[in-house]
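Encoded as C-alpha cells, the structure appears first; notes follow it.
Here, each number is a calculation from the coordinates, and none is a lab measurement. Here the structure is a predicted model, which is why all the values come from computation and not from measurement. Note that we place each Cβ from the backbone using ideal geometry, even for glycine, and neighbour counts take in every protein chain shown.
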C-alpha cells in the first residue's frame, strides 16, 4: 500500500487539484467455488475492493482539505448484482465494491463529494479473449442472452462516465447503474 500512497501523492502533486476519480482497474478470475483458493479470493478482494477504498479515502481527504466538491466513479460489474455459476470471485468482490459505493456516497455527501458506480455487462476486452477462442459456442450463447444482442465495448461506457463526472449529475449519488445491453432485465 506504500506504492498506492506514493501514487496518490504523485498525482496530486503533479496536477495540484483532483476533483474526479474513476476507479476502473480490476482483477478478474473465474472458477467453481470448490476449486478456488484463499489466495485467489484475497487477490480479488484486494484489487476490486481494497484498492478503490484506499483511493476513495485519499481523494476524499484531498477534496475535503481543499473544500472542493468532487465525483468518484467506481467501475463494477453486473456479476455484483446477479451472480452466475463460476463467478464467485468476481461476484463477491464487485458486490463489495457496490456497497463501498453506497457507503462512501452516504458519508461523503456532506462534503459535496458524489460517489456512483457503473455495473458493466459482458465487455469485449482482453479478459475475454481466451473464452472467445476456447468456447466460441458459449460466447455466442452469452451474446444471444443479451437483449441488445451484442457485448459492450469500452467506447460504449465513455458517455456515462462523462455524465457522472459532470455537473449534469450533480444531484446523483450512491447509485450503481447496470450498463449491460439489458442483460440484468432479461429472463433468458
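How would you rank 57-65, 39-47, highest first, on the average number of other Cβ atoms within 10 Å across their residues? Walk me through the numbers on the way to the answer.
Details: 57-65: 16.7, 39-47: 15.0.
Sorting 57-65, 39-47 by mean packing, highest first, produces 57-65, 39-47.
Compute the helix-to-body angle for 2-15: its Cα long axis versus the longest principal axis of the chain, expressed 0 to 90° and rounded to tens. So the helix axis and the longest Cα principal axis differ by about 60 degrees. One Cα centroid belongs to the stretch 120-142, the other to the stretch 1-41; the line between them spans 24 Å. Roughly how tilted is helix 154-165, in degrees to the nearest 10 and between 0 and 90, from the longest Cα axis of the chain? So the inclination is approximately 30 degrees.
When the helices in the chain are scored as -39500 (n - 2.57) per DSSP H run of 4 or longer and the sum is shared across all residues, what 222 nm value do you end up with, to the nearest 500 deg cm²/dmol?
On the way: 7 runs with 86 residues, N = 188.
Dividing the helical sum by the residues of the chain leaves -14500 deg cm²/dmol.
By the gyration tensor of its Cα atoms, with a ≥ b ≥ c the square roots of the eigenvalues, what is the shape of the stretch 144-188: rounded for a/c under 1.5, prolate for a/b over b/c, or oblate? Let's see the in-between values first.
Numbers: a/c = 4.40, a/b = 1.86, b/c = 2.36.
Note, shape of the stretch 144-188 comes out oblate.
Rounded, prolate or oblate: pick one for the chain, where a ≥ b ≥ c are the square roots of the eigenvalues of its C-alpha gyration tensor, a/c under 1.5 means rounded, and failing that, prolate if a/b is larger than b/c, else oblate.
Values: a/c = 2.12, a/b = 1.57, b/c = 1.35.
Taking the square roots of the gyration eigenvalues as a ≥ b ≥ c, the chain is prolate.
Based on the convex hull around the alpha carbon atoms, the stretch 47-152 presents an average projected area of 7.6 nm².
When only C-alpha pairs under 8 Å and at least 6 residues apart count, what is the relative contact order of the stretch 43-132, in percent?
36 percent
Taken over the stretch 1-106, the convex hull of the Cα atoms encloses 92 Å³ per residue. Against the main long axis of the alpha-carbon atoms of the chain, helix 51-66 sits at an angle near 20°.
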